[in-house]
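Notes for the one structure printed next.
The values are calculated or read from the model by the stated rules, or taken from the named source; none is laboratory data. Keep in mind that what you see is a predicted model, and the values were worked out from it rather than measured. Every residue, glycine among them, receives a Cβ derived from its backbone with ideal geometry; neighbour counts consider all protein chains shown.
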Amino acid sequence: MADLAPTVSRHVLAAPASAAAGESRWRVVARTAFPFLVVAVLWEFTAYLGIFPRKLFPPLEDVAATFVRLTASGILPHHVLDTLIRLAAGFALAAVAGVAIGLAMGRSRRAEDIFLPLVSIGAPIPGLAYTPLFLLWFGLGNKTTVLLVGFVSAFPIIFNTWTGVKAVKEIWVRSAQAMGADSRRLFHHVILPGSLPYVLTGLRLGLAQAWRILVGVEMLAAVPWGLGWMIFGAREFLNTDVMLAGVFVIGVIGLALEKFVFQRLEQYTVVRWGMMT
Amino acid sequence: MSTTAATTSAPTASVQAASARATSAYRAGLTLLVVAAVYEATARSGAFPPALLPTLPKVAATLWDLLLDGTMLEHAGYTMYRVLFGLALAVAVGLPLGILMGRMRSVENFCLPLASALMPIPSLAWVPVFILWFGLGNTVAILIVFYAALFPMLLNAWSGVRAVNPLWLRAAGAMGADERALFWKVIIPGASPFIITGLRQAFLRAWIAVVGAEMLAASDWGLGWVIFDAKEFLNADVMLASLVVIGLIGFVFERLVFGSIERATVMRWGMVRTAKS
């Protein structure tokens with residue numbers, strides 16, 4: 001699967017900073033802000049031109065005002081919190097199950113033979129396609145959402161963990177055994193650190209997948225609170241400003257997950273251990 | 001998820017490998033059989049309503065009927081049209097733009113911040129907004145596919161062009177290649193592994209996005225719509241049949257189409273090691 005392909009996003013997000021090593025801080029900020037400024041001006045211009053109804057194409061200050069209003073009244077934080085709780089629950093499910101299955105598949109030939117066909121059949125089907133089936137089986141609401149998010153994001157985690165365990169150098173395993181490591185120590189000190197870069201990549205891909213799916217599932221599963229539901233529900237009342245504010249928050253959360261959660265985790269583990277630069 | 005990776009990672013004598021492969025295939029078949037039998041037993045035990053958990057022969061019969069009367073093909077045709085149209089648009093925009101970003105600093109400075117800001121927003125979050133702007137129907141689905149497929153294409157083309165070995169560029173320049181020859185003979189083949197990876201990822205994203213978009217922006221045709229519509233009538237057999245078709249199409253594209261593109265281009269040019277390392 002292409003889930004194993006090298007992730008580009010990390011380098012992309014890091015590149016502007018590294019490319020601009022020779023420049024002053026302010027120039028970098030200005031250069032990064034400039035495209036957004038251009039887009040914002042174009043947007044305002046189009047909004048005020050009046051080609052589209054203001055309800056459908058609100059100027060940015062309307063969106064900002066809506067954002068402030070929703071935040072102050074506590075509605076937006078409630079939506080965000082519910083979405084994040086679902087994300088955390090689904091992802092935790094996927095992480096535990098995915099890493100466990102992946103490790104088992106990597107270590108034992110029998111487990112690999114058992115799980116690989118199942119996983120290979122399940123993986124190419126887009127996760128959202130399961131939504132109606134899960135809705136039938138588990139009903140509308142939270143249970144379906146969490147289970148589906150967990151189910152879908154488990155696949156990249158399984159594949160990467162499996163690949164990671166397979167990629168542990170044979171010679172490390174053998175030298176550890178020659179030095180008298182029992183299987184518990186072998187696992188803790190060789191297999192686990194050795195496969196960790198792959199596991200982390202899998203977790204990162206899994207989280208990204210979970211985030212992408214969650215927004216869609218919330219729209220379909222009619223949960224009472226949640227960002228996906230908020231923007232989908234706003235359609236009924238033509239509240240484009242609410243939608244755009246919601247899309248903005250979704251983007252910020254997605255960026256934060258990528259930048260702060262996983263880059264930190266990587267810094268603390270694999271980079272410090274010298275497994276990855 | 002290749003079984004080849006599993007077999008090549010342990011280079012043993014060929015006879016031994018062959019017997020191991022036979023054991024693997026045997027176990028894999030056994031797993032699938034056991035899972036099918038368990039499912040069948042659960043479905044027949046009557047613990048769940050048969051409408052929710054149809055037996056496998058029933059699913060097969062439904063699939064066969066839908067294939068024979070042509071509805072399934074028509075749904076699949078609409079879905080393929082949306083995916084391919086959106087993907088073609090994404091390639092038409094993302095590929096040239098990505099190459100330009102890789103070659104020209106100013107384009108990179110302008111587009112990269114925008115791309116990194118838009119990328120973390122899941123494509124499905126735009127569905128309600130696009131429904132308001134463009135109404136229900138094909139346009140929304142195609143635009144969502146375009147949005148989903150654009151970023152993998154763009155970013156991979158960009159990093160591919162940047163990853164071209166500068167030594168090759170200088171060597172070609174020293175041998176008197178002009179700009180045009182440099183571009184077609186060095187940069188494009190050099191970046192092609194990334195570009196093809198990008199195409200692959202773009203298709204995967206597009207495939208996920210189209211199912212979601214069809215569910216939410218319901219028109220009358222499309223595999224995503226069938227599944228979602230079947231929920232209303234508790235037709236779990238139709239859902240499972242459509243899931244099979246969705247999985248098959250995804251698998252065929254991923255393996256056969258992109259696999260053969262890869263073999264015809266980068267593998268023949270001997271570029272594939274640089275892509276995989």
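Of note:
- Among residues of the range B:78-89 that are over 10 Å from B:VAL210 (Cβ atoms) and touching a residue at least 40 places away in the same chain (Cβ under 8 Å), those with a beta-carbon under 7 Å from a residue that is of a type in the set (Phe, Trp, Tyr) and part of a helix (DSSP H, G or I) at least six positions away or on a different chain give the pairs B:LEU89/B:PHE146.
- When B:ARG205 is tested against (1) facing chain A (nearest Cβ under 10 Å); (2) among the charged types (D, E, K, R); (3) surrounded by fewer than 23 Cβ atoms within 10 Å (Cβ to Cβ); (4) over 30 Å from B:PRO50 (Cα atoms), exactly one condition is not met: (3).
- In the range A:69-80, residue nearest to A:TRP211 (Cα to Cα) [restricted to those that are within 26 Å of the chain's Cα centre (by Cα) and part of a helix (DSSP H, G or I)]: A:VAL80
For (1) buried (at least 17 other Cβ atoms within 10 Å of the Cβ); (2) touching a Cys at 6+ places or on another chain (Cβ under 7 Å); (3) at the interface with chain A (Cβ under 9 Å from one of its Cβ atoms); (4) modelled with pLDDT under 85, each residue gets a yes or a no:
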| position | (1), (2), (3), (4) |
| --- | --- |
| B:PRO166 | no, no, no, yes |
| B:ARG200 | yes, no, yes, no |
| B:GLY222 | yes, no, no, yes |
| B:PHE228 | yes, no, yes, yes |
| B:LEU240 | yes, no, yes, no |
| B:VAL266 | yes, no, no, yes |
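- Residue pairs meeting the criteria (Cβ under 7 Å; at least 6 apart or on separate chains; first within 17 Å of B:ALA117 (Cβ to Cβ), in the range A:256-267; second in a helix (DSSP H, G or I) and among the polar types (S, T, N, Q)): A:GLU258/A:SER9
- Applying the criterion of being at the interface with another protein chain (Cβ under 9 Å from one of its Cβ atoms) and surrounded by fewer than 24 Cβ atoms within 10 Å (Cβ to Cβ) to the residues of the range B:125-163, the residue that is farthest from B:PHE85 (Cα to Cα) is B:ARG162.
- Members of the range B:171-198 found to be out of contact with any Leu (no Cβ under 8 Å at 6 or more places or on another chain), modelled with pLDDT under 85 and farther than 30 Å from B:VAL145 by Cβ, listed by number: B:GLY176, B:ALA177, B:ASP178, B:GLU179, B:ARG180, B:ALA181, B:LYS185
- Taken over the range B:22-59, the criterion of being among the small types (Gly, Ala, Ser) and either free of Cβ contacts under 8 Å to residues at least 40 places away in the same chain or under 16 Å from A:ASP113 (Cβ atoms) (or both) is satisfied by B:ALA22, B:SER24, B:ALA25, B:ALA28, B:GLY29, B:ALA36, B:ALA37, B:ALA41, B:ALA43, B:SER45, B:GLY46, B:ALA47.
- A:PHE57 fulfils the conditions (1) in contact with a helix residue (DSSP H, G or I) (Cβ under 7 Å, 6 or more places away or on another chain); (2) farther than 29 Å from A:VAL149 by Cα; (3) part of a helix (DSSP H, G or I) except for a single criterion, (3).
Rundown of residues vs (1) within 14 Å of another protein chain (Cβ to nearest Cβ); (2) at pLDDT 85 or above; (3) surrounded by 13 or more Cβ atoms within 10 Å (Cβ to Cβ), yes/no style:
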residue	(1), (2), (3)
A:LEU13	yes, no, yes
A:ALA19	yes, no, yes
A:THR32	yes, no, yes
A:LEU37	yes, yes, no
A:VAL63	yes, yes, yes
A:SER73	no, yes, no
A:PHE91	no, yes, yes
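- Among the residues here, A:MET179 does not qualify as farther than 22 Å from A:THR269 by Cβ and surrounded by 18 or more Cβ atoms within 10 Å (Cβ to Cβ).
- Leading residue by the ranking (surrounded by the most Cβ atoms within 10 Å (Cβ to Cβ)) among those in the range A:103-139 that are within 23 Å of the chain's Cα centre (by Cα) and not in a helix (DSSP H, G or I): A:PRO126
- Boolean, B:ALA5 is at pLDDT below 75, under 19 Å from A:PHE115 (Cβ atoms) and part of a loop (DSSP other than H, G, I, E, B): no
- Qualifying residue in the range A:199-215 (condition: more than 22 Å from the chain's Cα centre (by Cα), within 13 Å of chain B (Cβ to nearest Cβ) and either without any contact (Cβ under 8 Å) to a residue 60 or more places away in the chain or farther than 23 Å from A:ARG86 by Cα (or both)): no
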